[in-house]
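First comes the structure, then the notes that go with it.
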Amino acid sequence: MKPTRLVLSCAALGVAGVLAAAAQTPTGGQQPAGGAQASPQPLTTSKFVSHEIVAGCTKAGSFASTPEYTVTCSHRTGPGVVEIHGKETDVIYVLDGAATFVTGGTAQNIKADNPLQPRGTDIQGGEPHHLVKGDVIVVPAGQPHWFKEVPASVSYFVVKVLKP
C-alpha cells in the first residue's frame, strides 16, 4: 500500500474508532444549564452515535469533546473562510456532497482576533482537492485550509486532535 493511502486509511479508521469510543458532550452540542461552557473532560466512558444521528448531519453538532480531541459534524452550503489552527490537526471525513478544499500555501488578509485561530480571505499557492463522499483529508496544525467552493452542500465529520 502506498504511504499516502496508508495514512488516509489509518485516518479513516481513526475517525471510526473515535466515534465508537466518543464520550462527554451530548449530541447537538448542548451546553450545561445556565449557559456556562464546561471544560472538556478526559474520556471515561464510551458513547454510541447512531446511524440516524450520523445520517442527519445537516447542521453542526458536537459528538465528543475531551482535552485530547473533539468530534463534530458540520454541514456547509457555501464556501468558508481560510482557517489556520495553531494547535489542532483536523481529520475530515466527507459523509455526503462535494467541495473544493484548499490546503497549504499562504493565507491572505489574515485577521487574528484569536492568535491560535487566525482567519483569512484567500490562499495563494495552495493545493486544491476535490472532496466527495467517502474522502478523508488530514490537515496538520498550522497549515492554512479552506472550503473554497461548495457547489450544493457538503456534510462531514471533523476529528480535531488537540496539542497541549
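The values are calculated or read from the model by the stated rules, or taken from the named source; none is laboratory data. These numbers were taken from a predicted model, which means no experiment stands behind them. Cβ atoms come from the backbone with ideal geometry, glycine included; neighbour counts cover every protein chain shown.
Answer yes or no as to whether residue 107 is touching a residue at least 24 places away in the same chain (Cβ under 8 Å), under 21 Å from residue 157 (Cα atoms) and part of a strand (DSSP E or B). So residue 107 fails the test.
Applying the set (1) of a type in the set (A, V, I, L, M); (2) within 14 Å of the chain's Cα centre (by Cα); (3) closer than 23 Å to residue 68 by Cα to residue 116 leaves exactly one unmet item: (2). Go through the residues of region 112-125 one by one and say whether even a single one is in a strand (DSSP E or B) and either basic (Lys, Arg) or within 17 Å of residue 137 (Cβ to Cβ) (or both). Yes, that holds for at least one residue. Close Cβ contacts (under 8 Å, 6 or more residues apart or on different chains) running from residues in region 136-154 that are closer than 15 Å to residue 126 by Cα to residues that are among the aromatic types (Phe, Trp, Tyr) and part of a strand (DSSP E or B) comprise 137/101; 145/101; 146/101; 147/101; 148/101.
Within region 130-148, the set of residues being of a type outside the set (Val, Ile, Thr), part of a strand (DSSP E or B) and either surrounded by 15 or more Cβ atoms within 10 Å (Cβ to Cβ) or under 14 Å from the mean Cα position of the chain (by Cα) (or both) comprises 131, 145, 146, 147, 148.
Conditions tested, residue by residue: (1) aliphatic (A, V, I, L, M); (2) loosely packed, with under 14 Cβ neighbours inside 10 Å; (3) farther than 14 Å from residue 157 by Cα; (4) modelled with pLDDT under 70.
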site: 14; (1), (2), (3), (4): no, no, no, yes
site: 49; (1), (2), (3), (4): yes, no, no, no
site: 70; (1), (2), (3), (4): no, no, no, no
site: 94; (1), (2), (3), (4): yes, no, no, no
site: 112; (1), (2), (3), (4): yes, yes, yes, no
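Among the residues of region 73-97, which ones are of a type in the set (Asp, Glu) and either touching a helix residue (DSSP H, G or I) at 6+ places or on another chain (Cβ under 6 Å) or within 13 Å of residue 119 (Cβ to Cβ) (or both)? The one that is of a type in the set (Asp, Glu) and either touching a helix residue (DSSP H, G or I) at 6+ places or on another chain (Cβ under 6 Å) or within 13 Å of residue 119 (Cβ to Cβ) (or both): 83.
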